[in-house]
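Okay, so here's the structure we're looking at.
The values are calculated or read from the model by the stated rules, or taken from the named source; none is laboratory data. For clarity, every value in this text was computed on a predicted model and none was experimentally measured. Cβ placement follows ideal geometry from the backbone for every residue including glycine, while neighbour counts extend to all protein chains displayed.
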Amino acid sequence: MRRPFESAQYASHEYQELLASHALLSSMSRSANCWDNAVAESFFATLKVELVYQTRWSTRAQARSELFEYIEIFYNRRRRHSALGYLSPDEFERRRQRKMAA
């Protein structure tokens, strides 16, 4: 359970200025909004079920390599996502860029 003060640092003026100085936007919503991290949480749940819980790596290097391959080769380029109209993230982004260029 998250204690109230743990997320306060991300709303602080200093932190928000730091993000702005690097042209970054924070991803925050109102307190107790369950949708704030839904996409990230869905990704990590999928990663665990489809790869992590089924694999025992001998070394960190092996784990790093297989995780990279899962994310960059399979998840981003081939795995279709319902939230993206059943396109892979790669195809979704290519279509978005073509649409913006037109």
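Every residue in the range 53-68 that is loosely packed, with under 15 Cβ neighbours inside 10 Å and either touching a residue at least 40 places away in the same chain (Cβ under 8 Å) or under 16 Å from the mean Cα position of the chain (by Cα) (or both), please.
Answer for the range 53-68, where residues must be loosely packed, with under 15 Cβ neighbours inside 10 Å and either touching a residue at least 40 places away in the same chain (Cβ under 8 Å) or under 16 Å from the mean Cα position of the chain (by Cα) (or both): just Phe68.
Over 30 Å from Arg80 (Cβ atoms), at pLDDT 85 or above and assigned to a loop (DSSP other than H, G, I, E, B), is that true of Ser58? Lay out the reasoning, then the answer.
Working: over 30 Å from Arg80 (Cβ atoms): yes; at pLDDT 85 or above: yes; assigned to a loop (DSSP other than H, G, I, E, B): yes.
For Ser58, the condition - over 30 Å from Arg80 (Cβ atoms), at pLDDT 85 or above and assigned to a loop (DSSP other than H, G, I, E, B) - is met.
Collect the residues in the range 79-102 that are loosely packed, with under 12 Cβ neighbours inside 10 Å and at pLDDT below 90, keeping them in residue-number order.
Ser82, Ala83, Ala102
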